[in-house]
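Novice: Got a structure here, written out as structure tokens. Questions coming.
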Amino acid sequence: MKNKKFYLYLAFSFVIFFTFVLAPTVAAGKGFPQKTITWIVTYPPGGGFDTYARAIAKHMPKYLPRKVQIVIKNSPGAGGRYGTNLLYRARPNGHTIGILNVPGVLISQMVMKTKYDMTQFAYIGACDQVKYCLSVPKNSPFKSLKDLQQAKKPVRMSTTGKGSSGGLMSIMTAEFTKIPYTMVTGYKGAPASMVAAIRGDVDAVMDGGIESQLTYITEGELIPLFVLGSKKEKYLPDVITIKELGYPELAPLGMYRLIAAPPGTPKDIVTILEKALLKTLDDTDFRAWSKKAKRSIHPSNGKEARDILKAQAKLYEQYRELLKKAVKK
Amino acid sequence: MIEAFLQALTYLLRGDTIILIFLGNIIGLIFGALPGLGGVIALAIILPFTFGMDPMVAFFFLSAIMGSVAFGGSISAILLNTPGTAPNAATCLDGYPMACKGEARKALGISATACGLGAIFGLIVLVLLIPVVRRIVMLFGPPEFFMLVLFGLITVAFAAKGNLLNGLFAGGVGILLSMIGYSPVFGILRFNLGSEYLWDGIEMIPFLIGIFALSELINYSVKGGKIAGEEQAAGGKTIDGVKEVFRHKACFLQSSIIGVVIGIIPGVGGTVANFIAYIAAMHTADNPETFGQGNPAGIVASESSNDAKDGGALLPTVGFGIPGSAEMAVLLGGFILHGLEVGPMLIREHLDIVFALLLGLLISNILASSFGLLMSKHLAKLTHINVYYIVPMVAVLCFVGAYVLRENIWDVVLALVAGVFGYFMMKFGFPNICLVIGFILGVLAEKAFHQSLMMSYGSYAVFFNRTITLIILGLIILVLILPFITGFRKGRNSESDS
């Protein structure tokens with residue numbers, strides 16, 4: 001360490017590094033939007049939320065007053081809470097938006113202390129609703145809900161984690177319908193969880209939701225025993241609903257993909273984003289994609305998104321103790 | 001099948017496909033070489049740009065990126081002791097010592113050849129196994145996974161060679177570190193010291209960057225001089241490197257097979273493959289003591305398994321819709337974005353796209369290897385520059401790599417802390433590789449173990465009443481008692497022992 005040039009060089013390099021890291025994007029002109037919009041996805045690339053966000057981000061710019069780019073920023077971690085936190089603390093100028101998992105991060109707020117408050121976000125809208133079904137493998141001895149309820153040994157259900165959407169659905173369903181159950185957790189991703197059921201390692205699976213399970217159901221690898229809903233599902237018209245089975249309380253359960261801006265984002269900016277989102281969800285090319293990829297679209301505006309949040313919060317509030325117990329079990 | 005293949009081939013006659021394959025190749029090399037970046041980030045960034053393209057062209061492009069990442073990563077592993085991507089870690093073990101000895105060109109030649117041939121091997125196996133993909137995916141559940149990871153953990157003892165107590169200690173520390181974070185198995189947060197940053201545990205990439213690269217940089221800052229040592233000759237000859245791969249044919253085959261098998265099993269991850277292949281090579285070699293000091297077979301083992309695994313990872317991805325690795329998960333996302341339904345029917349309905357992926361991977365690998373062979377002379381020159389210039393630049397690259405992953409400054413802090421930690425581990429004679437193996441495999445083993453027990457309602461028989469599990473268990477026992485048998489025999493043949 002005798003070389004002075006070395007220190008100079010080192011210091012110079014660090015200056016470059018910090019400039020790179022902290023470089024602000026330069027705004028141009030007035031009005032919204034002024035620069036690239038960052039869209040936070042709270043999961044790694046390749047999953048459901050990521051896919052929807054990318055598809056929308058592709059078609060949305062042309063519906064904004066100025067056609068800026070919308071760039072996806074994957075911020076996974078802590079079961080979705082890391083990205084949710086990032087969105088919560090971002091500058092409320094409309095240049096950062098995010099896609100949130102409800103009830104996922106909502107439940108987190110209920111059972112533990114979080115740095116975000118779901119009721120404070122400025123909701124732009126929602127793009128999708130995922131309904132769930134309980135499926136068993138091809139040669140399963142269980143052929144109906146009744147069979148599950150009368151199982152001699154606890155029904156093994158696979159899930160990525162008890163706090164995940166699929167895990168939540170499984171716990172709620174099993175506790176409510178009094179199926180004797182045990183959760184087998186820790187699978188890396190919904191596909192792994194579904195394959196566990198296909199393989200016969202476990203008896204049933206709800207992970208992935210109807211939209212991801214559909215591909216295996218069509219192939220006959222998974223057999224859906226019932227869907228959580230009050231009316232028949234579009235792609236599973238022959239499967240009985242939980243309401244018909246006598247448990248209407250479970251019918252409203254599902255996962256919603258809500259799109260929001262940080263708390264405090266000005267109303268007029270939120271409206272611009274909301275209009276752009278709704279136009280995108282109605283866009284011909286976007287619709288063509290959703291049909292081809294078999295990804296459903298459930299467009300909602302900002303107010304409807306807030307209503308969804310409120311309804312979900314109310315729904316799960318009644319089961320707070322049950323959830324706390326089951327998630328920690 | 002033939003029509004799909006020919007369909008894919010016709011795309012190679014298009015100008016845009018060819019240009020994109022070249023472009024993808026370069027992108028993959030750069031992202032692979034820059035520590036911390038790697039395939040996942042490259043794919044995630046490029047994916048939006050593929051939207052308007054013909055899906056076939058898009059997937060030629062994407063697979064071209066994936067195909068060169070592995071070799072790109074080996075460049076920094078060899079020249080800078082920094083794995084460009086986590087699966088290149090084992091290449092540091094013999095690649096870097098070779099660079100230090102002045103044989104960087106030879107090392108690059110070995111890597112380029114092993115990468116290219118390993119990839120070809122992996123792809124051939126992939127094509128052969130497509131008809132039985134379902135059977136294969138069904139074969140590997142948590143018990144098999146556990147046995148495999150256990151096998152990987154056993155290798156810690158072999159990696160310690162000569163330094164057994166220190167090695168086991170380092171391995172144990174690694175395992176403990178891997179337990180930090182939320183455990184989905186138990187539903188509790190462990191050892192995170194109350195911080196949300198550690199909720200997901202210690203992030204692997206920044207940790208590896210610290211342990212491998214930064215610790216070495218600290219070492220050089222203290223020592224000074226050049227990577228290649230003051231008096232060494234100009235890097236050896238590339239062609240010698242190529243010859244080495246052919247000289248170690250058995251090692252190559254063995255490592256490639258290990259790579260493909262581990263690549264096929266979703267979730268184990270490429271990081272494991274190259275270590276297991278390395279240790280297996282060390283174990284079956286005549287001169288295991290030379291491993292870690294610049295034995296060409298070490299690079300052959302690490303890089304051929306690394307590239308073969310990519311072919312393997314494609315199998316569950318396209319055959320069943322479950323990603324064989326993180327890159328594959330992004331690729332699946334890409335499928336959906338292009339309107340292709342993923343799952344078992346992908347092969348049936350879009351076999352041409354599968355062939356596009358294969359061809360893209362193949363061509364990109366060959367291009368990357370050729371690039372490596374041609375440019376090794378210039379790349380090797382890095383080892384002759386005084387480290388005072390290298391250290392700051394590489395340090396910045398490392399910090400950028402650590403940061404870019406999640407745009408979280410604490411990852412950079414982690415890398416720094418890991419770097420200091422790794423430096424002192426080295427100084428006091430604790431092998432870093434044991435720490436890394438323990439860290440990567442520790443919590444994986446625990447998860448698989450408990451998943452297996454949950455599946456079996458708590459019965460330990462689940463580890464013994466399945467074929468593959470028993471086979472791997474047998475291998476483990478074999479590997480453990482073999483040294484005693486050979487040692488015993490040697491002891492009988494010679495008079496003295498100690």
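Novice: For the range A:147-166, enumerate the residues that are within 11 Å of chain B (Cβ to nearest Cβ) and at pLDDT below 90.
Specialist: The answer is A:THR160, A:GLY161, A:LYS162, A:GLY163, A:SER164.
Novice: Could you say whether any residue in the range B:435-454 is over 21 Å from the mean Cα position of the chain (by Cα), more than 14 Å from every other protein chain (Cβ to nearest Cβ), closer than 30 Å to A:ALA151 by Cα and open to solvent by 40 Å² or more (accessible area, probe 1.4 Å)?
Specialist: no
Novice: Tell me, yes or no, whether the range B:100-123 has at least one residue that is more than 13 Å from B:SER302 (Cα to Cα), of a type in the set (A, V, I, L, M) and free of Cβ contacts under 8 Å to residues at least 12 places away in the same chain.
Specialist: no
Yes/no per residue for (1) facing chain A (nearest Cβ under 10 Å); (2) under 25 Å from the mean Cα position of the chain (by Cα); (3) modelled with pLDDT of 85 or more:
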| position | (1), (2), (3) |
| --- | --- |
| B:PHE146 | no, yes, yes |
| B:GLY152 | no, yes, no |
| B:ALA160 | no, yes, no |
| B:LEU165 | no, no, yes |
| B:GLY174 | no, yes, yes |
| B:ILE188 | yes, no, no |
| B:ILE202 | no, yes, yes |
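Novice: Somewhere in the range A:10-19, is a residue modelled with pLDDT of 90 or more, at the interface with chain B (Cβ under 9 Å from one of its Cβ atoms) and either open to solvent by 50 Å² or more (accessible area, probe 1.4 Å) or more than 28 Å from A:ALA293 (Cβ to Cβ) (or both)?
Specialist: Scanning the range A:10-19, I find no residue that is modelled with pLDDT of 90 or more, at the interface with chain B (Cβ under 9 Å from one of its Cβ atoms) and either open to solvent by 50 Å² or more (accessible area, probe 1.4 Å) or more than 28 Å from A:ALA293 (Cβ to Cβ) (or both), so the answer is no.
Novice: Strands (runs of 3 or more DSSP E) wholly in the range A:52-135 with at least 2 residues that are touching a residue at least 60 places away in the same chain (Cβ under 8 Å), within 14 Å of the chain's Cα centre (by Cα) and farther than 23 Å from B:GLY181 by Cβ - which ones?
Specialist: By residue number, A:96-102, A:122-130.
Novice: Restrict the check to the range B:350-372 and report whether at least one residue is of a type in the set (Asp, Glu) and within 14 Å of chain A (Cβ to nearest Cβ). I'd like the intermediate steps shown before the answer.
Specialist: At the first step, the residues of the range B:350-372 found to be of a type in the set (Asp, Glu) are B:352.
Still in the list and also within 14 Å of chain A (Cβ to nearest Cβ): none.
No - not one qualifying residue is present in the range B:350-372.
Novice: Among the listed residues B:PHE191, B:PHE151, B:PHE145, identify the single one that is open to solvent by 30 Å² or more (accessible area, probe 1.4 Å), free of Cβ contacts under 8 Å to residues at least 24 places away in the same chain and among the aromatic types (Phe, Trp, Tyr).
Specialist: That would be B:PHE191, the only listed residue that is open to solvent by 30 Å² or more (accessible area, probe 1.4 Å), free of Cβ contacts under 8 Å to residues at least 24 places away in the same chain and among the aromatic types (Phe, Trp, Tyr).
Novice: Something else now. Scan the range A:20-45 for residues that are at pLDDT below 80 and not in a helix (DSSP H, G or I) and jot them down.
Specialist: A:ALA23, A:PRO24, A:THR25, A:VAL26, A:ALA27, A:ALA28, A:GLY29, A:LYS30
Novice: Which condition breaks for A:ARG257 when tested against (1) under 22 Å from the mean Cα position of the chain (by Cα); (2) in contact (Cβ under 8 Å) with a residue 40 or more places away in the chain; (3) away from every other protein chain (no Cβ under 14 Å); (4) assigned to a helix (DSSP H, G or I)?
Specialist: Only one criterion in (1) under 22 Å from the mean Cα position of the chain (by Cα); (2) in contact (Cβ under 8 Å) with a residue 40 or more places away in the chain; (3) away from every other protein chain (no Cβ under 14 Å); (4) assigned to a helix (DSSP H, G or I) is unmet by A:ARG257, namely (4).
Novice: Which number in (1) open to solvent by 40 Å² or more (accessible area, probe 1.4 Å); (2) assigned to a loop (DSSP other than H, G, I, E, B) marks the one condition that B:VAL417 misses?
Specialist: B:VAL417 satisfies every listed condition except (2).
Novice: Looking at (1) surrounded by fewer than 21 Cβ atoms within 10 Å (Cβ to Cβ); (2) over 21 Å from B:CYS398 (Cβ atoms); (3) within 14 Å of another protein chain (Cβ to nearest Cβ), which is the one condition that is false for B:MET66?
Specialist: Of (1) surrounded by fewer than 21 Cβ atoms within 10 Å (Cβ to Cβ); (2) over 21 Å from B:CYS398 (Cβ atoms); (3) within 14 Å of another protein chain (Cβ to nearest Cβ), only one is false for B:MET66: (1).
Novice: Further question: Can you tell me which of (1) more than 14 Å from chain B (Cβ to nearest Cβ); (2) part of a loop (DSSP other than H, G, I, E, B); (3) touching a residue at least 40 places away in the same chain (Cβ under 8 Å) is the one A:ILE179 doesn't meet?
Specialist: Checking A:ILE179 against (1) more than 14 Å from chain B (Cβ to nearest Cβ); (2) part of a loop (DSSP other than H, G, I, E, B); (3) touching a residue at least 40 places away in the same chain (Cβ under 8 Å), the one that fails is (3).
Novice: Here's another thing I want to ask about it. From B:ILE485, B:ILE468, B:ILE477, which residue is surrounded by fewer than 18 Cβ atoms within 10 Å (Cβ to Cβ), within 14 Å of another protein chain (Cβ to nearest Cβ) and in a helix (DSSP H, G or I)?
Specialist: Answer to the selection: B:ILE468.
Novice: Turning to a different aspect of this structure: Suppose we filter the range B:381-395 for residues that are open to solvent by less than 20 Å² (accessible area, probe 1.4 Å) and within 24 Å of the chain's Cα centre (by Cα); how many remain?
Specialist: 3
Novice: Turning to a different aspect of this structure: Give the residues of the range B:126-142 that are surrounded by 21 or more Cβ atoms within 10 Å (Cβ to Cβ) and among the β-branched types (Val, Ile, Thr), sorted by residue number.
Specialist: Just the residues of the range B:126-142 that are surrounded by 21 or more Cβ atoms within 10 Å (Cβ to Cβ), to begin with: B:126, B:137, B:140-142.
Hit for the range B:126-142 is B:VAL137, nothing else.
Novice: Another question, if that's okay. Tell me which residues, restricted to the range A:79-97, are crowded, with 20+ Cβ neighbours inside 10 Å and more than 14 Å from chain B (Cβ to nearest Cβ).
Specialist: Within the range A:79-97, A:GLY94, A:HIS95, A:ILE97 qualify.
Novice: Using the structure shown, decide if B:SER364 is under 23 Å from the mean Cα position of the chain (by Cα) and surrounded by fewer than 19 Cβ atoms within 10 Å (Cβ to Cβ). Even if it seems obvious, please write down each step before you answer.
Specialist: Working: under 23 Å from the mean Cα position of the chain (by Cα): yes; surrounded by fewer than 19 Cβ atoms within 10 Å (Cβ to Cβ): no.
For B:SER364, the condition - under 23 Å from the mean Cα position of the chain (by Cα) and surrounded by fewer than 19 Cβ atoms within 10 Å (Cβ to Cβ) - is not met.
Novice: Got a sec? Which of B:TYR457, B:TYR403 is surrounded by fewer than 17 Cβ atoms within 10 Å (Cβ to Cβ) and facing chain A (nearest Cβ under 10 Å)? Steps first, answer last, please.
Specialist: On the way: B:TYR403 fails: surrounded by fewer than 17 Cβ atoms within 10 Å (Cβ to Cβ).
Answer to the selection: B:TYR457.
Novice: Checking the condition open to solvent by 20 Å² or more (accessible area, probe 1.4 Å) and either in contact with a His (Cβ under 6 Å, 6 or more places away or on another chain) or not charged (D, E, K, R) (or both), which residue from B:LEU47, B:LEU29, B:LEU43, B:LEU20 passes?
Specialist: On the way: B:LEU47 fails: open to solvent by 20 Å² or more (accessible area, probe 1.4 Å); B:LEU29 fails: open to solvent by 20 Å² or more (accessible area, probe 1.4 Å); B:LEU43 fails: open to solvent by 20 Å² or more (accessible area, probe 1.4 Å).
None of the other options fit; the residue is B:LEU20.
Novice: Taking the range B:333-349, which residues are crowded, with 19+ Cβ neighbours inside 10 Å, within 14 Å of B:MET56 (Cα to Cα) and within 7 Å of chain A (Cβ to nearest Cβ)?
Specialist: Correct list: B:ILE336, B:LEU337.
Novice: Is one or more of the residues making up the range B:373-380 closer than 27 Å to A:ALA57 by Cβ and either open to solvent by 10 Å² or more (accessible area, probe 1.4 Å) or within 14 Å of chain A (Cβ to nearest Cβ) (or both)?
Specialist: Taking every residue of the range B:373-380 in turn, none turns out to be closer than 27 Å to A:ALA57 by Cβ and either open to solvent by 10 Å² or more (accessible area, probe 1.4 Å) or within 14 Å of chain A (Cβ to nearest Cβ) (or both).
Novice: Identify all residues within the range A:224-267 that are more than 21 Å from A:LYS138 (Cα to Cα) and among the hydroxyl-bearing types (Ser, Thr, Tyr); write none if there are none.
Specialist: A:SER230, A:TYR247, A:TYR256, A:THR265, listed by residue number.
Novice: Please enumerate the residues belonging to the range A:185-226 that are crowded, with 24+ Cβ neighbours inside 10 Å, of a type in the set (Val, Ile, Thr) and more than 10 Å from chain B (Cβ to nearest Cβ).
Specialist: A:VAL205, A:ILE210
Novice: Additional query: Within the range B:15-49, work out how many residues are in contact with a helix residue (DSSP H, G or I) (Cβ under 7 Å, 6 or more places away or on another chain), over 19 Å from B:ALA326 (Cα atoms) and either charged (D, E, K, R) or within 14 Å of chain A (Cβ to nearest Cβ) (or both).
Specialist: So the count comes out to 1.
Novice: Just one of A:LYS294, A:LYS325, A:LYS303 is under 21 Å from the mean Cα position of the chain (by Cα) and either within 16 Å of A:TYR63 (Cβ to Cβ) or within 14 Å of chain B (Cβ to nearest Cβ) (or both); which is it?
Specialist: The unique qualifying residue is A:LYS294.
The values are calculated or read from the model by the stated rules, or taken from the named source; none is laboratory data. Here the structure is a predicted model, which means the values were calculated and not measured. Note: ideal-geometry Cβ built from the backbone for every residue, glycine included; neighbour counts use all protein chains shown. Each accessible area value is taken on the protein alone, full model and side chains, heavy atoms only, with ligands, DNA and RNA left out. Shrake-Rupley method; radii C 1.70, N 1.55, O 1.52, S 1.80 Å.
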